Amino acid sequence: MNRVFRRTYSYWFLMPAAVIYFVIFLLPTVMSFFFSFTRWTLADWEFIGLDNFVMFFQEQSLRIGFQNTLIYAVVTCGLKVILGLLLGVLLTSRLRTRNYLRSVIFFPTLISTIAVGIAFSMMMHPTQGIINTALGWAGLPGLDWLGDTRVALLSIALVDVWKGVGFATVIYIAGILSIPPDYYEALQIDGGGAWHKFWNIIVPLSRPATNSVIILSFIGGLRSFDLVWAMTQGGPGFTTDVIASIIYKQYQGGFYGLATAGNVILFVIVTVLAFPLYRYLNKREVDL
Amino acid sequence: MSTIKSSEHIAGHAKSGSTPLGRRMGRLGLELLGILFTIIVFWIPFYFIIVNALKSTQESADLSLALPSTYHLWENIMTVVQARNYMLLRAFWNSSVLTIVSVLALVILCGMAGYVMQRRRDRLTPTLDLLILVGLIIPPAIVPTIWVLDGMGLFKTMPGLILVEVALNFPFCVLLYKGFMAAIPREIDEAAVIDGCGGFRLFFNIILPLLQPVSATVIVLCAVTIFNDFANPLYFLPGSANVTVQTTLYNFKSQYVTQWNLLFTNILLITIPPLLLFLFFNKRIVAGMTAGSVKG
């Protein structure tokens, strides 16, 4: 039977996908560690040691990428968790408009990021944009959403949340619906109110959903490129550059070694932050 | 999906036995608040794009929500389609080829891979699982990928970009297939093997048809992801002969700095395919995304 077993579930079935995955994804990932130590022109390379990395940490226009990437990931992740949880609670309650609300909130997930970025940069136009016009009606001063160096990155992060909160919400909906109804019954017998239901049942028991949302949106935030590129291209100056946009700029400039060093740094940041986070969150889940 | 539905029903009943008038009013208020929220946060941006795609160049320069005095939608569509020697049509053709071929390859290849990886548990299993997890988390190394593609003569070609899309979507799809395979009883395989089926016939004649629900999920999710992909075509398929819809939109952004109506028309046109998928497969998309994320 063992021979039959091995023939029936032959690793040949895995081969085509594995070869593509290895050649196009794993091999370049491994090679990036080597090429990040070189000055590189695809045809030719010269070993220059740690110069690329030193450059990344010394040059102000490159270093800002770290800070921005982290801020962006933390802000988008935090807002998606909070808003996703609240919307998830709202959309699992007995609202008649529930299905309508779910669809509308989810739809932006499917629109092209470039389209969303362009549309929002129009709405955030400092003098003509509808956001500032609306603020003006309310008697509030408008902001130069994408031109002011203090708020530009946060403006992009808000658009990211607008586009991605629907995804966080559907994960929370699935998580909240998988809570056994016994808990609600017990709460009713004990006479707990809506706040108790939220804080003592829904929040702790939708923990797996929270973990998924944190992991997915945090990693997504660290890797984000499209939206930043569509809205500001890293500007004004370098103030909204994230690591992914710096990689693209260095690539365009022909600094392939430097761009690859950027990739390695992003790799290290994601590994150092995401893997332990993943393990920590999974452990908390078991302790519960 | 059906199990979720039923537990939702139970949870709903457990929450409130009777509904006094005050609570009913509160719920009505909550519903109105919800609708108001979606109008301000979601419908106004959608409306903004649509109404500005209808306008003349002059009127769209205001970037306002006002209705157009005259409607120019058809004219705008024709201008956008004809721009740069029918670039948008080429882009739609390229994006369609990219999406369809990549998705077909993903369904077949990841189906086969998921089939073996779920059924066969041996020494290699932990390594394979780790490699898949790595692919879900680690960002791809861009320039080394270009170097590899260049070495194979596939850089700046459609087959090269298709390989990239297959490689990058493989981890997520194979997880979905593995998850679904676990629900197909092994007895089916055993019966087929006893009847003289080899692995190849077992997979293509028996397993693949049974995987149909998860294949549908993979098709819809990957189609949306790949059609909307911007970064990979930007890196691996540059050049004006090879445009995709997303890179075209990005190029038009700098070309139409003074003709925003045309930019919005372009946005409107490229949002139609995802909108159609959304209207027909909303449930499946949501189910697939949550299944993939909760297991992954």
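Summary of computed values
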{"quantity": "Distance violations [Cα-Cα > 30 Å] among A:K163/A:K249; A:K249/B:K178; A:K80/B:K55; A:K80/A:K283; A:K283/B:K283", "calculated": "A:K249/B:K178; A:K80/B:K55; A:K283/B:K283"}
{"quantity": "Percent accessible area from carbon and sulfur atoms, the stretch A:2-51, protein chains only, probe 1.4 Å", "calculated": "70"}
{"quantity": "Accessible surface, chain B, averaged per residue in Å² (probe 1.4 Å)", "calculated": "45"}
{"quantity": "Phi to ³J(HN,Hα) by Karplus 6.51 cos²θ - 1.76 cosθ + 1.60 over the stretch A:44-49, Hz, x for Gly, Pro", "calculated": "8, 9, 9, 6, 10, x"}
{"quantity": "Stretch in chain B that is longest and holds no trypsin sites (Lys or Arg not before Pro) that DSSP places in a loop and that have at most 10 other beta carbons within 10 Å", "calculated": "B:124-296"}
{"quantity": "For the stretch A:60-283, with +1 on Lys and Arg beta carbons and -1 on Asp and Glu, the positive-most of A:L146, A:P208, A:V75 along the dipole", "calculated": "A:P208"}
{"quantity": "When the convex hull of its Cα atoms is projected in every direction, mean area for chain A (nm²)", "calculated": "23.2"}
{"quantity": "Between the stretch B:96-169 and the stretch A:122-148, the Cα center-to-center distance that results, in Å", "calculated": "44"}
{"quantity": "Inter-site label distance for A:D148 and A:V268 at 7 Å from Cα along Cβ, in nm", "calculated": "3.6"}
{"quantity": "More than 26 Å apart - percent of Cα-Cα pairs taken over chain B", "calculated": "61"}
{"quantity": "GNM result for chain A, Cα springs below 10 Å: residue of A:M55, A:M31, A:M123 fluctuating most strongly", "calculated": "A:M31"}
{"quantity": "Karplus (6.51, -1.76, 1.60) ³J(HN,Hα), θ = phi - 60°, over the stretch B:93-101, in Hz, Gly and Pro reported as x", "calculated": "4, 4, 4, 5, 4, 4, 5, 5, 5"}
{"quantity": "Cα-based Rg / Dmax (Å) for the stretch A:2-51", "calculated": "18.3, 55"}
{"quantity": "Top of A:R223, A:R96, A:R63 by mean-square fluctuation, Gaussian network on chain A, Cα under 10 Å", "calculated": "A:R96"}
{"quantity": "Principal semi-axes in Å for the protein assembly as shown [√(5λ), Cα gyration tensor, largest first]", "calculated": "36, 35, 25"}
{"quantity": "Shielding score for A:177-183, defined as the mean number of other chain Cβ atoms within 10 Å", "calculated": "5"}
{"quantity": "Chain B - percent of accessible surface contributed by carbon and sulfur, probe 1.4 Å", "calculated": "69"}
{"quantity": "Accessible area per residue in Å² at 1.4 Å probe, computed on the stretch A:2-51", "calculated": "59"}
{"quantity": "Helical segments meeting 18 Å axial Cα length and Kyte-Doolittle 0.0 threshold in chain A (DSSP H)", "calculated": "A:60-92, A:152-177, A:207-223, A:256-287"}
{"quantity": "The stretch B:38-132 - Rg and Dmax from Cα coordinates, angstrom", "calculated": "23.8, 70"}
{"quantity": "Debye-sum result for the stretch A:200-274 in log10 I(q)/I(0), which assumes one identical scatterer on each alpha carbon, at q = 0.27 Å⁻¹", "calculated": "-1.20"}
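The values are calculated or read from the model by the stated rules, or taken from the named source; none is laboratory data. As the structure is a computational prediction, the values presented were derived from the model and not from experiment. Note that we place each Cβ from the backbone using ideal geometry, even for glycine, and neighbour counts take in every protein chain shown. Protein only, heavy atoms only, side chains kept; ligands, DNA and RNA dropped before computing areas. Shrake-Rupley method; radii C 1.70, N 1.55, O 1.52, S 1.80 Å.
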